[in-house]
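Peer 1: Structure provided below as structure tokens; questions to follow.
Derivation of every value follows stated rules applied to the coordinates shown; laboratory data play no part. Just so it is clear, the structure is predicted and the values come from calculations on it, not from any experiment. A quick note on method: Cβ atoms are made from the backbone with ideal geometry, for glycine too, and the neighbour counts reach across all protein chains shown.
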Amino acid sequence: MFIKLKILFKSKLVLINFFVSEWLWKLRLNLIIFFIGKKNNLGKALNGLKTKGYYVFHGYFSNSEVEQIKKNCHDQLNSIPSNYLSKYNNDDYIENLEIKENNISIERMSGSIKLKRINDTGNYLKKISQNFFLLILSFIQQCKIAKRGLLIFSLTHDGSFKNNKVPGSASNKDNLAGRMHFDTYYHSLKAYVALEDITQENGPFAYLEGSSTDQLLNKNYLCSARVNRNLKSDIETPHEISENFINNYKDKIFYGNQKKGDLVIMDTKGIHFASSLKKGQRELLWFYY
Ligand SMILES: [Fe+2]
């Protein structure tokens, strides 16, 4: 009896917390936009997050900054001791392999690799991860103080990138983030900088515009919140969204066809997916908060 009551109380708390947090997020963004306007970068970013769930800053990083970021990421990739990867086949999926020497972890599949926690690898990337503008945005989105973002370098190619640390090819293969999904049931921030020009061919990131406030998804969000609090959920994988859902957003799919140096910020509550790479290579640096 007592346990049942406890579960009931916890369920109600999850429900109340979800709707109150949502209301406070809207209020927070509306108030700040009201006071600072929509013409400055912060106002533009917040208005983008509120109305579409994302915003693009063109040319945010200069060419030399992008080259410097790439150099640091490639240096880390090349310095992974080969004994870590020699036991795997080209097509093996490696979920999370800790590389002690670099203090990073890697995720790899054919033609694709992610280097996680790359912000800990040197002063340059550490400085990039402490981007003040993104820290402020993240604070407003989530009311959580962060000293830096978690940086993840992602590289995907069709076989043309010749490096034995990233063998194989990702072209026309399913990728892990290829299914439509949301990352969090609450508003949070993530961002990426394009480290080269991204077109439809090299698999742009895709986001359903306005989905971060779509009430049709409330059941999924609430189930995800319940799973997070160790409560029973009606949906087994609530963060994965049925492919039919895209029909509601036919003319509202944002494909991140960005120029090198563009910064894309987004609400992690919105529905997104990585479109598959057809040709060439794609390199991105992700910021997570
Ligand atoms: Fe995601």
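Peer 1: List, largest first, the extents of the alpha carbons of the chain along their principal axes, each in whole Å.
Peer 2: Computed over the Cα atoms, the extents are 57, 50, 38 Å.
Peer 1: How high is the relative contact order of the range 1-144? Use alpha-carbon pairs under 8 Å, at least six apart in sequence, and give a whole percent. Walk me through the numbers before you get to the answer.
Peer 2: Working: 99 pairs, mean separation 23.5, N = 144.
Worked out over the range 1-144, it gives 16 percent.
Peer 1: Now, a different point. How much mean residue ellipticity at 222 nm does the chain get from its helices, if each DSSP H run of length 4 or more adds -39500 (n - 2.57) and you divide by all residues, to the nearest 500 deg cm²/dmol? Intermediate results must be reported in sequence, preceding the final value.
Peer 2: Working: 6 runs with 91 residues, N = 289.
Taking each H run of at least 4 residues, the total per residue is -10500 deg cm²/dmol.
Peer 1: Using the charge dipole of the chain (Lys, Arg: +1 at Cβ; Asp, Glu: -1 at Cβ; taken about the Cα centre), state which of Tyr207, Leu13, Thr51 has its Cα farthest towards the positive end.
Peer 2: My answer, from the dipole projection, is Leu13.
Peer 1: Per residue Cα convex hull volume for the range 198-257, in cubic angstrom? Please report the intermediate quantities before stating the final value.
Peer 2: Details: hull volume 6.4 nm³, N = 60.
Output value, Cα hull per residue: 107 Å³.
Peer 1: Counting other beta carbons within 10 Å of each Cβ, put His239, His181 in order, fewest first.
Peer 2: Values: His239 18, His181 15.
Listed from fewest to most nearby Cβ atoms, that is His181, His239.
Peer 1: Rank the residues Ser188, Ser211, Ser171 as a footprinting-exposure proxy: fewest other Cβ atoms within 10 Å of their Cβ go first. Before the final figure, lay out each step's value.
Peer 2: Values: Ser188 17, Ser211 25, Ser171 21.
Ordered by Cβ neighbours within 10 Å, fewest first: Ser188, Ser171, Ser211.
Peer 1: Separate question: How big is the C-alpha Rg of the range 100-249 next to the rule-of-thumb value 2.2 N^0.38 Å, as a ratio?
Peer 2: Values: Rg = 17.8 Å, N = 150, 2.2 N^0.38 = 14.8 Å.
Against the empirical 2.2 N^0.38 Å value, I get 1.20 for the range 100-249.
Peer 1: About the Cα centre of the range 1-150, how large is the charge dipole given +1 on each Lys and Arg Cβ and -1 on each Asp and Glu Cβ? Please answer in debye to the nearest 20.
Peer 2: Working: 24 positive and 11 negative charges, 198 e Å.
Computed charge dipole of the range 1-150: roughly 960 debye.
Peer 1: Treat every Asp and Glu Cβ in the chain as -1 and every Lys and Arg Cβ as +1, leave all other atoms uncharged, and give the resulting dipole magnitude about the Cα centre to the nearest 20 debye. Write down the numbers at each step before the final one.
Peer 2: Details: 41 positive and 27 negative charges, 220 e Å.
Charge dipole, the chain, about its Cα centre: 1060 debye, nearest 20.
Peer 1: Using the 10 angstrom Cβ neighbour count as an exposure proxy, how do Ile104, Ile136 rank, fewest first?
Peer 2: Values: Ile104 24, Ile136 13.
Result, fewest neighbours first: Ile136, Ile104.
Peer 1: Just in the range 1-78: which trypsin sites (Lys or Arg not before Pro) are loop by DSSP and have at most 12 other Cβ atoms within 10 Å? Working shown, then result.
Peer 2: Details: sites: Lys4, Lys6, Lys10, Lys12, Lys26, Arg28, Lys38, Lys39, Lys44, Lys50, Lys52, Lys70, Lys71; in loops: Lys38, Lys39, Lys52.
Filter output for the range 1-78: Lys39.
Peer 1: Can you tell me which of Glu243, Glu98, Glu107 moves the most in a GNM of the chain? Springs connect C-alpha atoms under 10 Å apart.
Peer 2: Its mean-square fluctuation being the largest, the pick is Glu243.
Peer 1: Using only Cα atoms, figure out Rg for the range 1-117 and give it as a multiple of 2.2 N^0.38 Å. Each step should come with its number before you reach the end.
Peer 2: Values: Rg = 23.0 Å, N = 117, 2.2 N^0.38 = 13.4 Å.
Expressed relative to 2.2 N^0.38 Å, the Cα Rg reads 1.71.
Peer 1: Label points 7 Å out from Cα along the Cβ direction at Ile3 and Asn78: separation in nm?
Peer 2: 5.9 nm
Peer 1: Now, a different point. May I ask for the Rg/Rh ratio of the range 134-217, computed from Cα atoms with Rh as the Kirkwood radius, given to two decimals? Display every interim value, and only then the final one.
Peer 2: Numbers: Rg = 16.2 Å, Rh = 15.9 Å.
Radius of gyration over Kirkwood radius for the range 134-217 works out to 1.02.
Peer 1: Over the range 2-288, what relative contact order in percent results from Cα pairs under 8 Å that are six or more residues apart?
Peer 2: Reported relative contact order: 26 percent.
Peer 1: Quick one: of Lys26/Lys232; Lys144/Lys269; Lys38/Lys250, which pairs are farther than 19 Å apart, Cα to Cα? Working shown, then result.
Peer 2: On the way: Lys26/Lys232 28 Å; Lys144/Lys269 16 Å; Lys38/Lys250 27 Å.
With Cα atoms farther than 19 Å apart: Lys26/Lys232; Lys38/Lys250.
Peer 1: If you don't mind, there's one more thing I want to ask. Give or take rounding to whole Å, what are the principal axis extents of the alpha carbon atoms in the range 28-177, in descending order?
Peer 2: Dimensions of the range 28-177 along the principal axes of its Cα atoms: 57, 35, 29 Å.
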